[in-house]
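Each remark here refers to the structure printed beneath this line.
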Amino acid sequence: MSHATHFTRAIVRRPADSAVDGLRAEDIGTPDLGAMRADHAAYVAALEETGASVTVLPPLPAYPDAQFVEDTALCLPQGAVLMRPSAPSRAGEVATIEPVLRDHYETVVPLTRGRIEGGDVLVSAREVLVGLSARTDTVGVAALRAVTEGWGHSVREVRTPAGVLHLKTDCGLLADDTVLATERLAASGCFDGYRVLRVPAGEEAAANCIRFNDVVIMPAGFPRTAEMLDREGFAIVPIGNAECAKLDGGMSCLSLRF
Ligand code: CIR
């Protein structure tokens, strides 16, 4: 039990009507806003069910991807770090989350160089792993390291697999020393020293789960992964993700947890 798995608070943002214009690598259909909002409500309820207090921010129509709050900041026990998203349409989201974080934290540090999005950052009990991707570069990783190492969190640079949006598109922390990962990410060796549970072939989209207090919140519709996690003793809560998946979003993207 550590800061990587146990939280008292979370911040989420309700999807705006403009979410239908959110970024996506491939167009697999227009998200159904009603279904997306119902899934979002179920997600908030799942967080609250664990005893956490959840700040639900209003929709931000000017930013179609703003419900993916995770990309704007990294929350650690000592303070919050404001990210520097690569996607031009998302850069302005950071200024909207900053005052919210200042309500919760005495220390909020903006990064001033490079590019880095929260989806590329996996916090484990022992370190912070950051995946280099089309959205996150070495300068951004170094900028983050300069802040968090002063707080006692070492930063290890790894590689997000080519063609994958974010590091956590392909993995999630299940316990202090255990990750769920796709075969392609696990094969990179970046989790050597961890216990790795591999997502069954064909269920890669199940990898983006979050351990939140005593439960693992995972996308619904991945029965073999659910069965594996159940067998391993994790209490799973499946949440519909079909609509956010059309925008390359998942369970981790939808919240800041601290
Ligand atoms: C984007 O492309 O930025 C959004 N449509 C999806 C962001 C997903 N966020 C995440 O994986 N942390």
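Condition check: more than 16 Å from the ligand (Cβ to nearest atom), of a type in the set (A, V, I, L, M) and touching a residue at least 60 places away in the same chain (Cβ under 8 Å). Does Ala146 satisfy that? Spelling it out, it is not the case that Ala146 is more than 16 Å from the ligand (Cβ to nearest atom), of a type in the set (A, V, I, L, M) and touching a residue at least 60 places away in the same chain (Cβ under 8 Å). Among the residues making up the range 116-143, those that are in a loop (DSSP other than H, G, I, E, B) and within 15 Å of the ligand (Cβ to nearest atom) are Glu117, Ser133, Ala134, Arg135, Thr136. As a summary of the residue check, Asp170 satisfies the conditions (1) surrounded by 22 or more Cβ atoms within 10 Å (Cβ to Cβ); (2) touching a residue at least 40 places away in the same chain (Cβ under 8 Å); (3) of a type in the set (D, E, K, R); (4) within 24 Å of Leu132 (Cα to Cα) except for the one numbered (2).
Of all residues being within 14 Å of the ligand (Cβ to nearest atom) and touching a Lys or Arg at 6+ places or on another chain (Cβ under 6 Å) in the range 41-83, which is nearest to Ala19 (Cα to Cα)? Just the residue, please. Explain how you work it out, then say what you get.
Just the residues of the range 41-83 that are within 14 Å of the ligand (Cβ to nearest atom), to begin with: 43, 60, 63-75, 83.
Add one more test, that the residue is touching a Lys or Arg at 6+ places or on another chain (Cβ under 6 Å), and what stays is 65-67, 69.
Values: Asp65: 6, Ala66: 8, Gln67: 8, Val69: 13 Å.
Filtering the range 41-83 for residues that are within 14 Å of the ligand (Cβ to nearest atom) and touching a Lys or Arg at 6+ places or on another chain (Cβ under 6 Å), the one nearest to Ala19 (Cα to Cα) comes out as Asp65.
Please verify whether the range 175-182 includes one or more residues that are within 19 Å of Met251 (Cβ to Cβ), in contact with a helix residue (DSSP H, G or I) (Cβ under 7 Å, 6 or more places away or on another chain), crowded, with 24+ Cβ neighbours inside 10 Å and among the hydrophobic types (A, V, I, L, M, F, W, C). No: zero hits.
When you look at Gly140, is it at positive phi and either loosely packed, with under 15 Cβ neighbours inside 10 Å or not basic (Lys, Arg) (or both), yes or no? Answer is no for this residue. Is there a residue in the range 29-36 that is within 17 Å of the chain's Cα centre (by Cα), more than 10 Å from the ligand (Cβ to nearest atom) and surrounded by fewer than 21 Cβ atoms within 10 Å (Cβ to Cβ)? Looking through the range 29-36, none of the residues is within 17 Å of the chain's Cα centre (by Cα), more than 10 Å from the ligand (Cβ to nearest atom) and surrounded by fewer than 21 Cβ atoms within 10 Å (Cβ to Cβ). In the set (1) surrounded by fewer than 23 Cβ atoms within 10 Å (Cβ to Cβ); (2) farther than 30 Å from Phe222 by Cα, Ser124 fails one condition alone, (2). Applying the condition of being in contact with a helix residue (DSSP H, G or I) (Cβ under 9 Å, 6 or more places away or on another chain), farther than 16 Å from Tyr43 by Cβ and acidic (Asp, Glu) to the range 198-254 and asking which residue is farthest from the ligand (Cβ to nearest atom) yields Glu203.
Only the coordinates and a few stated rules stand behind these numbers; no lab work does. Just so it is clear, the structure is predicted and the values come from calculations on it, not from any experiment. We place every Cβ from the backbone using ideal geometry, glycine too, and count neighbours over all the protein chains shown.
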